[in-house]
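See below for the structure under consideration.
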Amino acid sequence: MTTSTFTESPLTFVPEAASATQQLTPRPSNERLSLAQIQALFDLPFNDLLFRAQTVHRAHFNASEVQLSTLLSIKTGGCPEDCSYCPQSVHHDTGLEATKLLDVDAVREAASAAKAQGASRFCMGAAWRELHERDVEKVVALIGVVKDLGLEACCTLGMLTSSQASTLRGAGLDYYNHNLDTAPELYGDIITTRVYQDRLDTLQHVRDAGLNVCSGGIVGMGESRAERAGLIHQLANLDPYPESVPINHLVQVQGTPLAHTKGLDPFEFVRTIAVARISMPQARVRLSAGRQEMGDGIQALCFMAGANSIFYGDKLLTTGNPDWARDQALLASLDIKTV
Ligand code: SAM
Ligand code: DTB
Ligand code: SF4
């Protein structure tokens, strides 16, 4: 006999099969979730998982609204870190040409175009291990350009000190992106030039400076389901959890060590989105890198699973993304409004 019922709130609808995770929704933003709870979500029957994710999503957001962020690489390539997924590392021969930091005019032009296409946030990424003091004032000027256009500003520049985080906040920065990327136990296999705690320290500096935290990870790097659960467990237990959670599908780039990784079952990617949505109910969960390779059907499932943000524009940092027109057509066919 099934005990699935609606009681006073849609959030209390808990199918019997999901009772192990009953206490997950709603939850205060600082309530800890165990790894077993996250794993139990991953292990739900696919349709039950999606139903739960949709229920949580609808309690906090309009399910037919997606936020648009446009990315710009403000400093490309030549990065000293050895992240095995990344085309911008000097350790991998990907044929990418390194560039200098862009100037204010180039950023203004790209941000204006993004605004004209409907983006609400402009994210500037640099292939740096950390922000160097000599670059702080230049980045401050770039943030000013984006804010002057009336856009939300986000940066991803590598590790930050607490005083740098405060300086960027003072310049008007709204979000800082710094991904945990994978579960702690897998981290050393993917990157050797920094440790997990370095990432956590920067996230704490960002949080302490009053910036919104954008942090997520990459799926499809050959990790197990338990390791995907481990990543979500870390993100969901940040206190408070991030406002923005990019879930990237690995883009396999020739010349990187992960170029020939065995492909991930696309439904497993959708599950990851759904578990992120349930465990971080009020976060914007961003369907991030990998959309170009994904197909419209899987993207639609990701929106059903609770993704409510995308990177919008024909390029991510160095790799491709669906172009504006294609995304506009996809969102229109799904009756999704943009914010
Ligand atoms: N250098 C800074 C850092 O690592 O924090 C900022 C830029 S870095 C390119 C930002 C993020 O891009 C990484 O944390 C990773 O999640 C993502 N990324 C890089 N290469 C990727 C790839 N091939 N596929 C998917 N995501 C990727
Ligand atoms: C994030 O989580 N994904 C974006 C953004 N934050 C900076 C970057 C994706 C990069 C994909 C590979 C590339 O284009 O170089
Ligand atoms: Fe450098 Fe960031 Fe790429 Fe790692 S992910 S190699 S830190 S640009």
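The values are calculated or read from the model by the stated rules, or taken from the named source; none is laboratory data. Here the structure is a predicted model, which is why all the values come from computation and not from measurement. As a convention, Cβ positions derive from the backbone with ideal geometry for all residues, glycine included, and neighbour counts pool all protein chains shown.
What to note about this one:
- Residue within segment 97-118 that is closer than 17 Å to I310 by Cα, in contact (Cβ under 8 Å) with a residue 12 or more places away in the chain, assigned to a loop (DSSP other than H, G, I, E, B) and within 24 Å of the chain's Cα centre (by Cα) present: yes
- For segment 166-206, the tally of residues that are within 13 Å of ligand 3 (Cβ to nearest atom) and in a helix (DSSP H, G or I) stands at 5.
- Of residues in segment 310-320 being away from ligand 3 (no atom under 16 Å from the Cβ) and buried (at least 24 other Cβ atoms within 10 Å of the Cβ), the one nearest to the chain's Cα centre (by Cα): I310
- Residue in segment 304-317 that is within 19 Å of S69 (Cβ to Cβ), within 15 Å of ligand 1 (Cβ to nearest atom), of a type in the set (V, I, T) and not in a loop (DSSP other than H, G, I, E, B) present: yes
- Residue in segment 256-277 that is modelled with pLDDT of 95 or more, surrounded by 24 or more Cβ atoms within 10 Å (Cβ to Cβ), within 16 Å of ligand 3 (Cβ to nearest atom) and assigned to a loop (DSSP other than H, G, I, E, B) present: no
- E8 meets all of the listed conditions (1) crowded, with 17+ Cβ neighbours inside 10 Å; (2) over 22 Å from the mean Cα position of the chain (by Cα); (3) at pLDDT below 95; (4) in a loop (DSSP other than H, G, I, E, B) but one, namely (1).
- Tally of residues being assigned to a loop (DSSP other than H, G, I, E, B) and within 16 Å of ligand 2 (Cβ to nearest atom) across segment 121-136: 4
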